[in-house]
Amino acid sequence: MSLSVSTLAARPQASRASTARLKADLRGAAATRDGRRLHLVLDLGNIVVHTQNSGKIDYTVHLETDASQKDAKELLKSFAVSTRETPEGVYLRGQTSPQSSGRLWVTVTVNVPRNYSLDLSTGGGDINTDDIGGPETVLTSGGNIMAGNIGGAARLVTGGGHITVNNVSGGLFANTGGGHITTGAVTGGAILRTSGGHIRMASVEGAAKLVTAGGNVTVEHSGSSLNAETTGGQIEVGESAGLVRAKTGGGGIRVIRVSGPTDLETVGGSIYLTQVDSAVKASTGAGVITAWFVAPVKSPSQCELQSNDGDIVVYLPRQLPVTIDAQVQSGDEHRVIVDPAFQLTMSDEGPSRNGHMVRAEGPLNGGGEVLHLRTVTGNIRLVASDANRQVQLYKQQMAQLEEKVRLQLQQLERAQSHENAP
């Protein structure tokens, strides 16, 4: 395992070329065995973790300081590393003397057994870890977190950087004060929060709550309930087997396959749904709602689609048993447009505060659960859909979403690798 630590919040690379450095190295080792835990605490700096096939922990501490500083040599000597064996594994502490002052950069390289657990914390640097066999807890006050595969539950917290983690064999809690969160497959539940970045997940099997103050939320696969919320970004969900609740203050919402009860709300964006076979409640203040229904539906139940200032477009299989209740409040300028394949009753319900209200209603294929469609200043269109076209659209959109998340992960990894480069 390798760790890098710095007593400065700013990255030192920019000044290395123009400033002479004093350097020193410390080394040590501790006996251990598989299945135990490393507890590492640093005052401030970057941490990078590697694993090895060995029954010990060994480490190297590389120190650098600005040679022009007063007492630069004493500053190097002020950094101390202590280790001790514990019933749980190994405790490693790295810190400077409270009386020390000046610019000091520390890199600690530690190697641990592959089947190990991690408990890492730093007062203000990046933390990078290889694949690890056990649970992982990571805390930094202000850097990026990059983790490989984790063989247990994970808790990843940073005060202001990005969080990137591959597959997690357990639950995941991730929180950042202002960066992106990107994950692979999570076999347990997940709670992900960021104050200003994007959230991207390949998959989550358990219940998930994803909250960002200003970024986008993207989830390819959800195996249970999913609650996604953003103040001003878009929300995209590929496939979901459970309840989906999604709310955004200013972006669009897309769910490619709706297989569980769904409640969607956006203040100012459009909503796009394909492969709908369960209850859907969707509302937008100023966008278009598009929904493709399938037949037969998985869970017949009432659906409600409502837009204040946008159109509603619904694609229905010709053989779907459903009862339509479509209403346009400002019927003077807008209307309900019905495919000739569907026989519905059209009516004008007279003036309202928004003009004449236009309505289309009636049973299709003997009737079924009611599909409520409401718009104030938009049109409603009911279109007979083609099953082959819908399947093609579903596959195409899933492939696009998976490629989008893959490229985003690659871009983030490249950016973080560049930041960590010497």
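Hey, could you get me the Stokes-Einstein D for the stretch 187-251, Kirkwood radius over alpha-carbon pairs, 10 °C and 1.306 mPa s, rounded to whole µm² s⁻¹?
On the way: Rh = 11.2 Å.
My calculation gives 142 µm²/s for D.
Only alpha carbons enter this Debye calculation for the stretch 178-219, each as an equal point scatterer, and the log10 of I(q)/I(0) it gives at q = 0.21, 0.24, 0.33 Å⁻¹ is -0.56, -0.71, -1.15.
What's the local net charge at Ser301, with K and R +1, D and E -1, over the other residues with C-beta under 12 Å away? Combined, the nearby Lys, Arg, Asp and Glu give -1.
Past the 21 angstrom mark, what percentage of all C-alpha to C-alpha distances in the stretch 287-369 do you count?
Numbers: 1038 of 3403 pairs.
Tail of P(r) above 21 Å: 31 percent of Cα pairs.
Counting only protein heavy atoms and a 1.4 Å probe, the chain has 42 square angstrom of accessible area per residue.
A full extension of the chain between Gln99 and Glu85 corresponds to an added length of 2.2 nm, given 0.36 nm per residue minus the alpha carbon distance. Taking the 1.4 Å solvent-accessible surface of the stretch 101-169 as the whole, the part contributed by carbon and sulfur is 43%.
Hydrodynamic analysis of the stretch 281-323 uses the Kirkwood radius over alpha carbon pairs. Inserted into Stokes-Einstein at 10 °C and 1.306 mPa s, it gives a translational diffusion coefficient of 139 µm²/s.
Amide H contacts of Arg254 (H built 1.01 Å from N, in plane; Pro and chain starts excluded): Ile235, Glu236, Val237, Tyr272 sit under 5 Å, all sequence-distant by 5 or more or on other chains. Look at the alpha carbon pairs under 8 Å that are at least 6 residues apart: their mean separation over the length of the chain gives a relative contact order of 9 percent.
For an R0 of 60 angstrom, estimate the FRET efficiency from the Cβ-Cβ distance between Thr60 and Gln302 and round to the nearest 0.05.
Details: r = 65 Å, r/R0 = 1.08.
Using R0 = 60 Å, I get an efficiency of 0.40.
Amide H to amide H distances under 5 Å link Leu226 with Ala208, Leu243, Val244, Arg245, where only residues 5 or more positions off or on other chains count and H is placed in the peptide plane. Across the stretch 179-243, Cα pairs under 8 Å and at least six residues apart give a relative contact order of 26 percent. Here the stretch 71-117 and the stretch 43-61 have alpha carbon centers that stand 11 Å from each other. Using a Gaussian network model of the chain in which every pair of alpha carbons under 10 angstrom is joined by a spring, one finds that among Gln52, Gln234, Gln69 the greatest mean-square fluctuation is at Gln69. Between helix 387-420 and the chain there is an angle of about 20 degrees, using the helix long axis and the longest principal axis of the Cα atoms.
Each pair of Cα atoms in the stretch 108-258 enters the Kirkwood radius, and Stokes-Einstein at 10 °C and 1.306 mPa s then converts it into a translational diffusion coefficient of 105 µm²/s.
Measuring between their Cα centroids, the stretch 127-172 and the stretch 229-273 lie 27 Å from each other. Applying a threshold of 21 Å to the alpha-carbon distances of Lys281/Lys404; Lys209/Lys247; Lys56/Lys77; Lys247/Lys281; Lys209/Lys395 flags Lys281/Lys404; Lys56/Lys77; Lys209/Lys395 as lying beyond it.
Can you tally the net charge around Met398? Count Lys and Arg as +1, Asp and Glu as -1, for every other residue whose Cβ sits under 14 Å from the Cβ of Met398.
On the way: positive: Arg254, Arg257, Lys395, Lys404, Arg406; negative: Glu220, Glu236, Glu239, Glu402, Glu403.
Summing Lys and Arg as +1 and Asp and Glu as -1 gives 0.
Taking Cβ atoms as reference points and 12 Å as the exclusive limit, the residues near Ser203 contribute a net charge of -3, counting Lys and Arg as +1 and Asp and Glu as -1. The relative contact order of the stretch 19-143 comes to 37 percent, based on Cα pairs under 8 Å that sit 6 or more residues apart.
Of the residues Val237, Val314, Val255, the one that moves most in a GNM of the chain with alpha-carbon contacts below 10 Å is Val314.
Summarise the long-distance tail of P(r) for the chain by giving the % of C-alpha pairs beyond 30 Å. Show your work: numbers first, answer last.
Numbers: 46456 of 88831 pairs.
Distances greater than 30 Å cover 52 percent of the Cα pairs.
Ligands, DNA and RNA left out, the 1.4 Å accessible surface of the stretch 17-78 is 48% carbon and sulfur atoms.
The values are calculated or read from the model by the stated rules, or taken from the named source; none is laboratory data. This structure is a prediction, so every number in the text was calculated from the model and none was measured. Neighbour counts run over all protein chains shown; Cβ positions are idealised from the backbone, glycine included. These area figures cover heavy atoms from the full protein model, side chains too; ligands, DNA and RNA do not enter into them. Shrake-Rupley method; radii C 1.70, N 1.55, O 1.52, S 1.80 Å.
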